1. For the stretch 126-160, give me each residue that is among the charged types (D, E, K, R) and either surrounded by fewer than 19 Cβ atoms within 10 Å (Cβ to Cβ) or assigned by TED's automatic domain parsing to the domain that holds LYS43 (or both).
2. Can you tell me how many residues within the stretch 39-71 are of a type in the set (A, V, I, L, M) and surrounded by fewer than 17 Cβ atoms within 10 Å (Cβ to Cβ)?
3. What's the number of the condition ASN92 fails, among (1) surrounded by 15 or more Cβ atoms within 10 Å (Cβ to Cβ); (2) more than 14 Å from PHE5 (Cβ to Cβ)?
4. Count, please, the residues in the stretch 47-71 that happen to be hydrophobic (A, V, I, L, M, F, W, C) and touching a strand residue (DSSP E or B) at 6+ places or on another chain (Cβ under 8 Å).
5. Kindly establish whether ASP104 is closer than 16 Å to ALA14 by Cα, surrounded by fewer than 19 Cβ atoms within 10 Å (Cβ to Cβ), modelled with pLDDT of 80 or more and not assigned by TED's automatic domain parsing to the domain that holds ALA206.
6. Can you name the residue in the stretch 133-157 that is charged (D, E, K, R) and out of contact with any Lys or Arg (no Cβ under 8 Å at 6 or more places or on another chain) and is also farthest from LEU116 (Cα to Cα) among such residues?
7. Residues LYS179, LYS169: which one is closer than 18 Å to THR214 by Cβ, out of contact with any Cys (no Cβ under 8 Å at 6 or more places or on another chain), charged (D, E, K, R) and modelled with pLDDT under 85?
8. Give the stretch 144-159 a look and list any residue that's without any contact (Cβ under 8 Å) to a residue 40 or more places away in the chain and at negative phi, or say none.
Amino acid sequence: MYKVFLTEDDDGIANSIIKRLSEWEFEVRRADDYHDVLGEFQKFDPHIVLLDISLPFYNGFHWCSEIRAVSKCPVVFISSASDNLNIVTAMNMGGDDFIAKPFDLSVMVAKVQAILRRSYDFAENIGVITHKGAVLNTSNATLTFNGEKIDLTKNEYRILETLLENKGKVVSRELLMNKLWATDSFVDENTLSVNIARLRRKLEQAGLHDYIGTKVGMGYIV
């Protein structure tokens, strides 16, 4: 599920956007503290930002600059101030697109989906899988989160790769053991449990809390 961070201070517009995106199974969080939009952004760790220009305290250009200093997350400006100067400024500040108010909600959803495909699905095709801010590079078997590398053993990497290749789906213990057997590693039920526990501990220590879920009697899911 993709996460959308919405920075919009008009309740009516915000509620309409949240309702429509939720219908498309996006997880949406609206900014609450307009003194600390960057802090809320970092805590939520979204896949995309919808950012109004006219906001309390600091405008959207300011917050786009702050976000760009720490993240490459796509930023889409939404504003009624859609003159050429504002559009050019938004793009120069690091915006990925500009949607002028009033806008059709279906067009907004289509634009969001297109940007997410370009930003994330394409990355998977070139050997990178992203999930909840973590990046698994399958070309060199590395995992990074917030710019920090997380060291994984061969078995831990294979387990995580299999789970991420099936993200959103339950992966059985049998499938995971078969994947590990394919690497010439002897794996039984206990060995798999040990590897899963160790992998979870490393992810937790890196700040990836509850990254791997358990479906009792079925397997694991990310």
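1. Step one: filter the stretch 126-160 for residues among the charged types (D, E, K, R), giving 132, 148-149, 151, 154, 156, 158.
Those that are among the charged types (D, E, K, R) and either surrounded by fewer than 19 Cβ atoms within 10 Å (Cβ to Cβ) or assigned by TED's automatic domain parsing to the domain that holds LYS43 (or both): LYS132, GLU148, LYS149, ASP151, LYS154.
2. Of the stretch 39-71, the ones of a type in the set (A, V, I, L, M) are 48-51, 53, 55, 67, 69-70.
Add one more test, that the residue is surrounded by fewer than 17 Cβ atoms within 10 Å (Cβ to Cβ), and what stays is 69-70.
The qualifying residues number 2.
3. (1)
4. Here is the first cut: in the stretch 47-71, the ones hydrophobic (A, V, I, L, M, F, W, C) are 48-51, 53, 55, 57, 61, 63-64, 67, 69-70.
Next cut, touching a strand residue (DSSP E or B) at 6+ places or on another chain (Cβ under 8 Å) only: 48-51, 53, 55, 63-64, 67.
Summing the residues that are hydrophobic (A, V, I, L, M, F, W, C) and touching a strand residue (DSSP E or B) at 6+ places or on another chain (Cβ under 8 Å) in the stretch 47-71 gives 9.
5. Working: closer than 16 Å to ALA14 by Cα: yes; surrounded by fewer than 19 Cβ atoms within 10 Å (Cβ to Cβ): yes; modelled with pLDDT of 80 or more: yes; not assigned by TED's automatic domain parsing to the domain that holds ALA206: yes.
Against the criterion (closer than 16 Å to ALA14 by Cα, surrounded by fewer than 19 Cβ atoms within 10 Å (Cβ to Cβ), modelled with pLDDT of 80 or more and not assigned by TED's automatic domain parsing to the domain that holds ALA206), ASP104 qualifies.
6. Filtering the stretch 133-157 down to residues charged (D, E, K, R) leaves 148-149, 151, 154, 156.
Now narrow it down to the ones that are out of contact with any Lys or Arg (no Cβ under 8 Å at 6 or more places or on another chain): 148-149, 154.
Details: GLU148: 23, LYS149: 24, LYS154: 30 Å.
Among residues in the stretch 133-157 that are charged (D, E, K, R) and out of contact with any Lys or Arg (no Cβ under 8 Å at 6 or more places or on another chain), the one farthest from LEU116 (Cα to Cα) is LYS154.
7. Values: LYS169 fails: modelled with pLDDT under 85.
Of LYS179, LYS169, the one residue that is closer than 18 Å to THR214 by Cβ, out of contact with any Cys (no Cβ under 8 Å at 6 or more places or on another chain), charged (D, E, K, R) and modelled with pLDDT under 85 is LYS179.
8. Residues of the stretch 144-159 that are without any contact (Cβ under 8 Å) to a residue 40 or more places away in the chain, as a first pass: 144, 147, 149, 154, 157-158.
Scanning the stretch 144-159 gives THR144, LYS149, LYS154, TYR157, ARG158.
The values are calculated or read from the model by the stated rules, or taken from the named source; none is laboratory data. The model shown is predicted, which means the values in this text are computed figures rather than measured ones. Methodologically, a virtual Cβ is constructed for each residue, glycine included, from the backbone with ideal geometry; neighbour enumeration extends over all protein chains shown.
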